[in-house]
Amino acid sequence: MRRVILRVVLIVVCLGALGFGWIFGGRHLALFLDGFGTVEMERIPVTELSYEGAQTGGIFHLGDRMLSSVGPDNRPVPLSIVPDVNNKLVLSVSGKSFPLGELVPASAPESGATFTVRTDKADEALLTVRRSLLSWATPFDFNFLTGHAPSWKRYRYYQLTWQKHSGAKLDLLWRYEQYYYPSDGWTGGDMTREGISGLIKVEIKAE
């Protein structure tokens, strides 16, 4: 009988430790697992891109999504976006440049977009939306203003891959947080958190 009680107590303690670790370490575990793979949710062909702001620290407009060029450290990622003499909008980083496309009038001038380009016919541009393999519980999150706090969170990723006919390739990757509310379900995945969210990868592969 004593052995049975000890086993039950041991199981309860182990389950409690796992639950405690999941609540307080789930965010880090999810980030670790995301390094091995994520769940693809959507693939969106990109035919038009707008960029709003200065040559660094601005905002990309991809359809109804606004993605900042600021990194997790709340500083602009060291890239530049400027038009060249051939009326092309060019993204440059680490000494490499990628021509996004020919400048065209903004399709929605009221949006305040500074530059708008359309992909060349031979380009292959795709925005892929992914999420974490693991969500983590947030029972201790409180919103004292609204009383409405998420009960679960997970990471959401946006990856823009842009391939030119010449073979040149641009790869941009953003990471944000997505919240779950019992009354609303999963909300849009654009919540920020210092040290975690923002533009986390900019890579250009030459032709």
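In whole Hz and in residue order, list the ³J(HN,Hα) couplings for region 120-125 that follow from phi through the Karplus curve 6.51 cos²θ - 1.76 cosθ + 1.60, θ = phi - 60°; x for Gly and Pro.
Running phi through 6.51 cos²θ - 1.76 cosθ + 1.60 with θ = phi - 60° gives 5, 4, 8, 6, 10, 10 Hz.
Using per-residue counts of other Cβ atoms within 10 Å, averaged over each peptide, order 55-68, 77-90, 29-42 from highest down. Spell out each step's value before the answer.
Numbers: 55-68: 16.4, 77-90: 14.8, 29-42: 13.2.
The most tightly packed comes first, giving 55-68, 77-90, 29-42.
Residue-wise, which Karplus ³J(HN,Hα) couplings in Hz belong to region 84-96, taking 6.51 cos²θ - 1.76 cosθ + 1.60, θ = phi - 60°, and x for glycine or proline?
9, 5, 9, 6, 9, 8, 10, 9, 10, 7, 6, x, 10
Using 7 Å Cα-to-Cβ label points, what is the Val85/Arg43 separation (nm, one decimal)?
So the label points at Val85 and Arg43 sit 4.0 nm apart.
Cut-off is 10 Å between beta-carbons; in what order do Arg130, Arg43, Arg118 appear when sorted fewest neighbours first?
Arg43, Arg118, Arg130
Compute the signed sum of charges (Lys and Arg +1, Asp and Glu -1) over the other residues within less than 13 Å, Cβ to Cβ, of Ile81.
The answer is -1.
No value in this document is a laboratory result; all are computed from the given coordinates. Note that this is a predicted model, so its numbers are computed, not measured. A quick note on method: Cβ atoms are made from the backbone with ideal geometry, for glycine too, and the neighbour counts reach across all protein chains shown.
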